[in-house]
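What follows draws every value from the coordinates through simple rules; no lab data is involved. Remember, it's a predicted structure, so these values are computed and weren't measured experimentally. Counting neighbours? That spans all protein chains shown, and the Cβs are built from the backbone with ideal geometry, glycine included.
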Amino acid sequence: MNRILLIDDDTQLATLLGQYFEQFSFELESATRPSQGIALLDQKHYDLVILDIMLPEIDGFEVCKTIRKDNDIPIIMLTARGEVMDRIVGLELGADDYLPKPFEPRELIARIQGILKRAQPKASTEIEPGAVLSFNTLVIDTGKRMATLENNEIALSAMEY
């Protein structure tokens, strides 16, 4: 289950999103103040942050900068400030996406899913030079370009290797 942190002073939005996110196996935790949200990020693991711009204490742009100093967690700005310049500033400060309010909750889910999919590390299919690979009784020594099966060397042409 992916854990998402919402930093937004709208408690009603947090409640509604929390209930909606459960349908998609997302666990939502919310903070109504930036200092609380930053503290939660330091204490717990989250997979993504949803961040409002208009917050008490400091604005969401400053929160985004603070998060980006130490963390590369994906950030979606979700805010009533939908002007083009606000979106540009949010993205330039390190937000991964920007969705103006009012918004369609299903669109937010689609954006979250896309970002989380891209944020997952891909399995490496590259083989380190000189690596020795073992598959049951088959051993391939990439440094020597040699293969053995049950400790018997297999004669391979360059093409077969």
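Let me know the charge dipole size of the chain about its Cα centre in debye, to the nearest 20, where only the beta-carbon of Lys, Arg (+1) and Asp, Glu (-1) is charged.
My answer is approximately 160 debye.
So if each residue of separation counts as 0.36 nm, and I subtract the Cα-Cα distance between Glu107 and Thr66, what length gain in nm does that give?
12.1 nm
Check Leu55: other-chain or 5+ apart residues with amide H under 5 Å from its amide H, H built from backbone geometry?
Gly60
Just how many % of Cα pairs in the range 60-110 lie over 13 Å apart, if you round to the nearest whole percent?
56
If you wrap a convex hull around the Cα atoms of the range 23-108, how much volume per residue is inside, in Å³?
96
Antiparallel DSSP bridges in the chain: what percent, to the nearest 5?
Just about 40 percent of them are antiparallel.
For labels at Thr11 and Asp59 in the simple 7 Å Cα→Cβ model, what's the distance in nm?
2.6
Tell me, what is the percent relative contact order of the chain, built from C-alpha pairs under 8 Å that lie six or more residues apart?
15
Would you calculate, for the chain, the mean residue ellipticity at 222 nm contributed by helices, counting each DSSP H stretch of 4 or more residues as -39,500 (n - 2.57) and dividing by all residues, to the nearest 500?
That comes out to -11000 deg cm²/dmol.
Would you calculate the convex hull of the Cα atoms in the range 1-144 and tell me its volume per residue in Å³?
For the range 1-144, the hull spanned by Cα atoms encloses 151 Å³ per residue.
Determine the gain in length on full extension of the stretch Met146-Glu126; use 0.36 nm per residue of separation and subtract their C-alpha separation, reporting nm with one decimal.
Length gained, Met146 through Glu126: 5.4 nm.
Full extension from Ser35 to Leu138: what is 0.36 nm times the residue separation minus their Cα-Cα distance, to one decimal in nm?
31.5 nm
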